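Colleague: Questions regarding the structure given below will be posed in turn.
FYI, it's all coordinate maths here, none of it is from the lab. All figures in this text were calculated on a predicted structure; none of them were measured in a lab.
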Amino acid sequence: MEIRFIPEDYRDEINNGDIESIPKDYLDSFVSDLNESNTPPKFEIIDYAAGADYNWVYAVIATAVSTIALGEQINKGLDGWIEIGNKLKRLIAKVDNIALDNDALTVICVNKSIELIPNVESIKKVIEYKTDTPAAYCYGGKCEFSDFIDKTEVYCVQGYEINNNHFILLGITQNGEVEVLKQSRITEKP
């Protein structure tokens, strides 16, 4: 999972591109709940616009949940999805600004679906659409990152079939704000 965030306590150091002056324990504290591996998270400073104080901490975190692909169904492990979704919510509450990758956005959408529909036994992602705004990142610096760093703004629309009889269409921004666009019961065709 990849995230970008701006912690208020070290905003000046981040804007100066100086990640070494930020205590590693401080950075780890933001992602410790999410990191489910012996591999420590990787942190870098990303400069989106030179001179514009638009720097973020970029983190790569090893998580146990791999997101579901379009058409894939989750029948087991829903409790794990709820747990990691709650951890993401706590992370979002701890930082001033955050941008989440598609894996994290899917976790939040699955959690929202589970909240809205009682007795969920299975979830299948049936729609996924993403808009994004390209970034002029790493102005004058190294640019060896994933496609996630290429985007400054992302809005996703994800649709889920739940228990083979409900449909939920959700809109979600990169900062984890999710809204229900449509919710309906699926009826059988005659």
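Colleague: Check which residues have an amide H placed less than 5 Å from L181's amide H, if you skip close sequence neighbours.
Modeller: Residues meeting the amide H criterion: L169, L170, G171.
Colleague: Also, quick follow-up: For N86 and T39 in the same chain, what is the full-extension length gain: residue separation times 0.36 nm, less their Cα-Cα distance, in nm?
Modeller: Taking N86 through T39 to full extension adds about 14.7 nm, to one decimal.
Colleague: Through the Karplus equation 6.51 cos²θ - 1.76 cosθ + 1.60, θ set to phi - 60°, convert the phi angles of the range 159-172 into ³J(HN,Hα) values in whole Hz; use x for Gly and Pro.
Modeller: Working through the residues one at a time gives x, 10, 9, 10, 6, 6, 9, 10, 10, 10, 10, 10, x, 9 Hz.
Colleague: Going down the table (K42/K124; K112/K182; K87/K182), which pairs top 24 Å between alpha carbons?
Modeller: Correct reply: K42/K124; K87/K182.
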